[in-house]
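Derivation of every value follows stated rules applied to the coordinates shown; laboratory data play no part. Worth saying up front: this structure is predicted, and the values here are computed from it rather than measured. Backbone-built Cβ (ideal geometry, glycine too); neighbour counts: all protein chains shown.
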């Protein structure tokens, strides 16, 4: 009888020890999750305005839908600011990809050489993100004529995001430089545009 009680006590002790170990392990996991969530909440609270601004800047730089009309709007504004004339503005070569979509925006601008060069240099500071795919310069009655094609990009927002319990990842130097570039882009006045009929000033220097 005494031996049976010892065996029973040992079994109960092992069971209780296992339960306690499991409870302590779960407690540590929950405590770490709480610490992580608290750190995220504090970071978001402190940087709420900066996060909101960055989301808007990022959406302007790489919109979730076709960005060609946004770039057209930006081009028109830049043309006006540089006192240029624009014609033959059109969107071509629409390419839909699973990760990164793009289209070409082609046009001709004309004006003084200084204004044309300034315009070309400023296109890289426009949101949405774009690159010069073609540039041809010729002399004209007003100074200089540039035939330009800009490629603009857009991509769908990610469908998978990290778990809320995952720790905040540190921003690498390369990522910081990219963030600074995105935050420095000139955002369009509106992030959604409705197509309108072609309008604009007639080029008095045309043939």
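Take the alpha-carbon centre of segment 131-153, take the same for segment 58-108, and report the distance between them in whole Å.
So the two Cα centres are separated by 14 Å.
Quote the Stokes-Einstein diffusion coefficient, in whole µm² s⁻¹, for segment 63-124, based on the Kirkwood radius over alpha carbon pairs, a temperature of 37 °C and a viscosity of 0.692 mPa s. Each step should come with its number before you reach the end.
Working: Rh = 12.6 Å.
Estimated via Stokes-Einstein, D reaches 260 µm²/s.
Modelled label-to-label distance, residue 176 and residue 55, 7 Å Cα→beta-carbon offset: nm?
2.5 nm
Calculate how large, on average over all directions, the projected area of the Cα convex hull of segment 82-178 is; give the answer in nm² to one decimal.
8.7 nm²
Could you check the spin-label model distance between residue 134 and residue 156? Points 7 Å from the Cα along Cα→Cβ, value in nm.
Distance between the two pseudo-spin positions: 3.1 nm.
By average Cβ neighbour count within 10 Å, what is the ranking of 108-116, 179-187, 90-98, 128-136 from highest down? Kindly include the intermediate steps, with their values, before the conclusion.
Numbers: 108-116: 18.9, 179-187: 13.8, 90-98: 11.0, 128-136: 15.6.
Ranking, from highest mean packing down: 108-116, 128-136, 179-187, 90-98.
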